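Single-structure report; data block below.
The values are calculated or read from the model by the stated rules, or taken from the named source; none is laboratory data. Quick caveat: nothing in here was measured; it's all calculated off a predicted structure. Cβ atoms come from the backbone with ideal geometry, glycine included; neighbour counts cover every protein chain shown. Accessible surface areas use protein heavy atoms only, side chains included; no ligands, DNA or RNA. Shrake-Rupley method; radii C 1.70, N 1.55, O 1.52, S 1.80 Å.
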Amino acid sequence: MSTDASVPTRAPGRLGDPATTIGDDPRADPRMVAVLEGFGLTGHADDAPLDRTAGRPALLGFVDAVEEGFEGLFAALAAGWAPMSGIDRTTRTVPAADGHEITLHVHRPTGVDGPLPVIYQVHGGGMVMLATEGPLYVRWRDELAAEGAVVVGVEYRNGGGRLGPHPFPAGLDDCVTGLHWVHEHLTELGGTHVVVTGDSGGANLALGLAIRAGRDGWSGRIAGVYAQCPYVLGSWDRPPADLASLWENDRYWLNRELFPLLAEVYDPGSVHADDPTCWAAAADPEDLQGLPPHVIACAELDPLRDEGLAHHRRLLAAGVPSVGLVYPGLCHVGMILFRDAMPDVYAHAVRDVVGFARSVRG
């Protein structure tokens, strides 16, 4: 059998050349690169200034600083977006079992009474930072609503940052409480059924919600789960070798040294490392069997790409209908970041979430 000498043998990304950056990786979408270049983000992400043994006060301070940086970037990305009309926005306050209140942000298309699918949106931030009220997520909910859905964003307690510090399971508990309220008020909301969606850490919470629902016997309240770029491993300081993207795309906007630090803030001491409602990657087949349909949407140049795809395969092995997607040339959550520079990609992401929500009506 002859060998074709023209077949390329170099591994992709930093596996082939550790000096490769997202700015010069030939797979990178040039529209994304142009935006990142404007923010000085096409080189290698900075080293983390500490490790997970630094102690909780230092880690919480680090999360505060990272949150400020991300919020500044997202606000800058959204600064040029014209306000959307034709969307009604209201808030609801839901009491939690321990006495605190959970705010739900409800977006719906003006003048449309329903019935519409309800999309329960869980924001990203590694479960330890960012907020439902951030401009990136307000606009995302507006766009989903304009496509024909009632969208409810849950402001859950973060493990750190300005909405923290509340480690696991506080944030998940808030998401559960909010979801129950939404399901119980479907008629009032003009909704037919509930689909849960989230990005990054919010995707881990969305997946954890479904697992908890299955464990506690109320999975019928969730018609489907759409997870974007899920951050689910929990043990990035000792990752399995088959998750190649953690090396291939390391320091492409995100440095994987960041992940175990955020994990330590969310789950101090890794006490819940084997709990799939804390880290979805810990799920066994019995944790997943009988769950509703899923979509796992990943980005090609994301360090987290392969852990998302691994979860998609776990779902399939457990008999759960699941679609796996990879957006070529994009960084972590790139499908929702670059609305102006990549309107076609952003519009596809909107249509795909809402289309999935319509498709799984019970």
Can you pull out the helices (runs of 4 or more DSSP H) entirely within the range 254-330 that have at least 3 residues that are over 23 Å from Phe70 (Cβ atoms), open to solvent by less than 50 Å² (accessible area, probe 1.4 Å) and hydrophobic (A, V, I, L, M, F, W, C)? 305-317
Could you please find all residues in the range 99-112 being over 22 Å from Arg351 (Cβ atoms) and open to solvent by 10 Å² or more (accessible area, probe 1.4 Å)? Gly99, His100, Glu101, Thr103
Pick from the range 27-47 the residues that are surrounded by 13 or more Cβ atoms within 10 Å (Cβ to Cβ) and of a type in the set (Asp, Glu): which of them is farthest from His332 (Cα to Cα)? Glu37
Positions within the range 169-205 being farther than 16 Å from Ile119 by Cβ, in contact with a helix residue (DSSP H, G or I) (Cβ under 6 Å, 6 or more places away or on another chain) and surrounded by fewer than 24 Cβ atoms within 10 Å (Cβ to Cβ), in sequence order: Leu172
Criterion (of a type in the set (Gly, Ala, Ser), open to solvent by less than 10 Å² (accessible area, probe 1.4 Å), closer than 15 Å to Gln121 by Cα and not in a helix (DSSP H, G or I)) met by exactly one of Ala227, Ala210: Ala227
Could we say that Val152 is touching a helix residue (DSSP H, G or I) at 6+ places or on another chain (Cβ under 7 Å) and in a strand (DSSP E or B) here? yes
Qualifying positions in the range 331-346 - surrounded by fewer than 19 Cβ atoms within 10 Å (Cβ to Cβ) and either within 16 Å of the chain's Cα centre (by Cα) or assigned to a helix (DSSP H, G or I) (or both): Pro343, Asp344
Conditions first: (1) crowded, with 23+ Cβ neighbours inside 10 Å; (2) without any contact (Cβ under 8 Å) to a residue 24 or more places away in the chain. Arg238 passes all but one, so which condition is the exception? (1)
Scan the range 241-253 for residues that are crowded, with 24+ Cβ neighbours inside 10 Å and outside any loop (DSSP other than H, G, I, E, B) and jot them down. Ser245, Tyr252
Among the residues of the range 136-164, the number that are open to solvent by 10 Å² or more (accessible area, probe 1.4 Å) and of a type in the set (A, V, I, L, M) is 3
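Does Asp24 satisfy being under 25 Å from Gly334 (Cβ atoms), at pLDDT 95 or above, assigned to a loop (DSSP other than H, G, I, E, B) and open to solvent by 70 Å² or more (accessible area, probe 1.4 Å)?
The answer is yes for Asp24.
Quick one: which residue in Trp181, Trp236 is touching a Lys or Arg at 6+ places or on another chain (Cβ under 9 Å) and within 30 Å of Leu59 (Cβ to Cβ)?
After applying the criteria, what remains is Trp236.
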From the list Gly198, Gly125, which residue is in a strand (DSSP E or B) and in contact (Cβ under 8 Å) with a residue 40 or more places away in the chain? Gly198
Number of positions in the range 13-65 that are without any contact (Cβ under 8 Å) to a residue 12 or more places away in the chain and under 22 Å from the mean Cα position of the chain (by Cα): 2
Need the failing condition index for Ala349 against (1) under 26 Å from Thr53 (Cα atoms); (2) buried (at least 21 other Cβ atoms within 10 Å of the Cβ), just the number. (1)
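Within the range 75-87, identify whether any single residue is open to solvent by 10 Å² or more (accessible area, probe 1.4 Å) and either under 30 Å from Gly269 (Cα atoms) or in contact with a strand residue (DSSP E or B) (Cβ under 7 Å, 6 or more places away or on another chain) (or both), and answer yes or no. Steps first, please.
Going through the range 75-87, the residues open to solvent by 10 Å² or more (accessible area, probe 1.4 Å) turn out to be 75-87.
Restricting the remaining residues to those that are either under 30 Å from Gly269 (Cα atoms) or in contact with a strand residue (DSSP E or B) (Cβ under 7 Å, 6 or more places away or on another chain) (or both) gives 86-87.
Within the range 75-87, one or more residues are open to solvent by 10 Å² or more (accessible area, probe 1.4 Å) and either under 30 Å from Gly269 (Cα atoms) or in contact with a strand residue (DSSP E or B) (Cβ under 7 Å, 6 or more places away or on another chain) (or both).
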